[in-house]
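Okay, structure first, notes after.
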Amino acid sequence: MDDYKLVIHGENALKGDTYVSGGKNTSVAVIPAALLCDEPCVLENIPDIEDVHVLVEILRLLGADISFDPASKRMEIDPTTVTKCQVPYAYTQKMRASYYLIGALLGHCGEAEVGYPGGCSIGNRPFDLHIKGFRSLGANVEDRWPTITATGPLEGAGVFFDRITVGGTINVMMAAAKAEGNTILYNAAREPHVVDLANFINSMGGSVKGAGTDTIRIKGVKRLHHSTYAVIPDQIETGTLMIAAAATRGEVTIHGCIPTHMESLTAKLLEMGVPVTESDDAIRIGVLRGHRAVNIKTQEYPGFPTDLQQPMSAMLTMAKGRSVVIESIFENRFKHLREMMRMGAQVTLLDQTAIIDGVSKLYGSPVTATDLRAGAALVVAGLMAQGDTEIYEPGFITRGYERLEEKLRSLGADIRREKI
Ligand code: EPZ
């Protein structure tokens, strides 16, 4: 239970310039991947978010010499001092990406004893495909709740993912990077952070080809050398800021982003009538009075990202007409809409489909965040609503967004923390 709530006084149109921080989902992969290196590494543009601090704690527990400066976003990791390969459940349950320590430790020392991951309650989120991938590489994996134990040695092999999995692709790529021989990942995820991890491994002297396509070829290497690597900007924070600007009928330029990562959202905003213009590292959202309703189906990259479904469906509650949103990636990712019904949203929920009939007004109300992106969706709702919206359990938001309140305040949002 967080000891504070967010209070948003809505209906301020956001105006001005803001910037995007380094990516959460790339950082939580690249930081464990530094364990694959045989020399110290430097990471840059790492966001100052809770998930990063948890990973610093875990690497320190393993014996790594690690330092992170939130002001400069610079992290130094010396993996050569790592003496352990066990990560207790007390640590791993704090976040989803803790399971990347399995692939990283298998690559680092050929064994891993890692507690089950935590993460947002948006579905049952198994990681059977990760385990299948490790076993394809010859690892002996025992799944005994709440611990996964995996031991090498690892031999390169063909790994076919029964369904596209971002985490599975990342985890098995890490384990394969230093396996004996060649590995091919079939039906691999193509997200920007999968490509970012491959680029990081290659910058250390690894050999990962085809990242960004559905077939990734990895040649195992004996040693990886020092690298100084800056992670990509956060695709989902970029999208969340774009949506917040459009939802408040504001005029905002978002700097330091990669517009090509945003194409599916940009296309949807243009379909709604929102003016969106791009330069090589910025996106500008222009003013629009009446948003047209649109239909959304979440899909793996480059389709519409499931992580943007929640803020987007929040905005659609005030679009003109009926929107149909199909959440095809996770089973339980509409909880924010249930909360928004208290604010006057007209929504019918049927399993993984939400039918949203746009209303002309939302009314501020106390609501509760249930996961990271639901929290972001409720912030968008509060920005749109008349009067005050109180968001309880806002701690979810700080897990994955760096200084979101500050950025929104600098754009004119009336958003503050209040002790409970
Ligand atoms: C990553 O989760 C992200 N998390 C999620 O972002 C994101 O929503 C998701 O990818 C999809 O883009 C991180 O990167 C830390 P998946 P992940 O494996 O890896 C099923 C956020 O808000 N599946 O691509 O867990 C799974 O249940 C978070 O930043 C299996 O069945 O996603 C889901 O239905 C939320 N078996 C689907 O596949 C497996 O072994 C996609 O999951 C693995 C996954």
Practice item. Return the only residue of Asp357, Asp307 being of a type in the set (D, E, K, R), closer than 25 Å to Gly273 by Cα and away from the ligand (no atom under 16 Å from the Cβ). Key: Asp357
Exercise for review: Test each condition in (1) touching a helix residue (DSSP H, G or I) at 6+ places or on another chain (Cβ under 9 Å); (2) over 23 Å from Met173 (Cα atoms); (3) surrounded by fewer than 19 Cβ atoms within 10 Å (Cβ to Cβ) for Val56 and report the one that comes out false.
Suggested key: (2)
Revision key, fill the gap. Within the range 1-44, residues within 16 Å of the ligand (Cβ to nearest atom) and in a strand (DSSP E or B) come out as Gly22
Check your understanding: Counting just the residues of the range 31-45 that are touching a strand residue (DSSP E or B) at 6+ places or on another chain (Cβ under 6 Å) and buried (at least 17 other Cβ atoms within 10 Å of the Cβ), which one comes out farthest from Ala97 (Cα to Cα)?
Key -> Pro40
Revision key, fill the gap. Taking the range 126-136 and keeping only residues that are basic (Lys, Arg) and either away from the ligand (no atom under 11 Å from the Cβ) or within 22 Å of Ala64 (Cβ to Cβ) (or both), one is left with Arg135
Point to revise | The lone exception for Gly167 - which of (1) touching a helix residue (DSSP H, G or I) at 6+ places or on another chain (Cβ under 9 Å); (2) over 26 Å from Ala90 (Cα atoms); (3) not aromatic (Phe, Trp, Tyr) it fails | key: (2)
Point to revise | Single unsatisfied condition, Ala314 versus (1) within 20 Å of the chain's Cα centre (by Cα); (2) within 14 Å of the ligand (Cβ to nearest atom) | key: (2)
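Condition check ((1) closer than 22 Å to Leu59 by Cα; (2) touching a helix residue (DSSP H, G or I) at 6+ places or on another chain (Cβ under 6 Å); (3) more than 10 Å from the ligand (Cβ to nearest atom); (4) outside any strand (DSSP E or B)) across all residues:
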site: Ala112; (1), (2), (3), (4): yes, yes, yes, no
site: Asn124; (1), (2), (3), (4): no, no, no, yes
site: Gly138; (1), (2), (3), (4): no, no, yes, yes
site: Asn171; (1), (2), (3), (4): yes, yes, no, yes
Exercise for review: Return yes or no: is Tyr100 of a type in the set (Ser, Thr, Tyr), closer than 13 Å to Ala150 by Cβ, modelled with pLDDT of 95 or more and within 16 Å of the ligand (Cβ to nearest atom)?
Suggested key: yes
Check your understanding: Any idea which residue in the range 110-125 is nearest to the chain's Cα centre (by Cα), counting only those that are at pLDDT 95 or above and not hydroxyl-bearing (Ser, Thr, Tyr)?
Key -> Pro117
**Study point:** Number of the exception - Val159 against (1) within 16 Å of the ligand (Cβ to nearest atom); (2) at positive phi; (3) of a type outside the set (S, T, N, Q); (4) modelled with pLDDT of 95 or more
**Key:** (2)
Check your understanding: Does any residue of the range 278-301 turn out to be within 14 Å of the ligand (Cβ to nearest atom) and assigned to a helix (DSSP H, G or I)?
Key -> no
Exercise for review: Sort out which residues of the range 148-165 are over 20 Å from Leu35 (Cα atoms) and surrounded by fewer than 24 Cβ atoms within 10 Å (Cβ to Cβ), and write them in order of number.
Suggested key: Ala157, Gly158, Phe160, Phe161, Asp162, Arg163, Ile164, Thr165
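Would you mention how many residues in the range 385-420 are in a helix (DSSP H, G or I), of a type outside the set (D, E, K, R) and touching a strand residue (DSSP E or B) at 6+ places or on another chain (Cβ under 6 Å)?
Residues in the range 385-420 being in a helix (DSSP H, G or I), of a type outside the set (D, E, K, R) and touching a strand residue (DSSP E or B) at 6+ places or on another chain (Cβ under 6 Å): 1 in total.
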**Study point:** Hits in the range 149-169 - residues which are outside any helix (DSSP H, G or I) and in contact with a Gly (Cβ under 8 Å, 6 or more places away or on another chain)
**Key:** Thr151, Gly152, Pro153, Leu154, Glu155, Gly156, Ala157, Val159, Phe161
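The values are calculated or read from the model by the stated rules, or taken from the named source; none is laboratory data. The shown structure was predicted, so the numbers you read here are calculated from the model rather than taken from an experiment. Every residue, glycine as well, gets a Cβ built from its backbone with ideal geometry; the counts of neighbours run over all protein chains shown.
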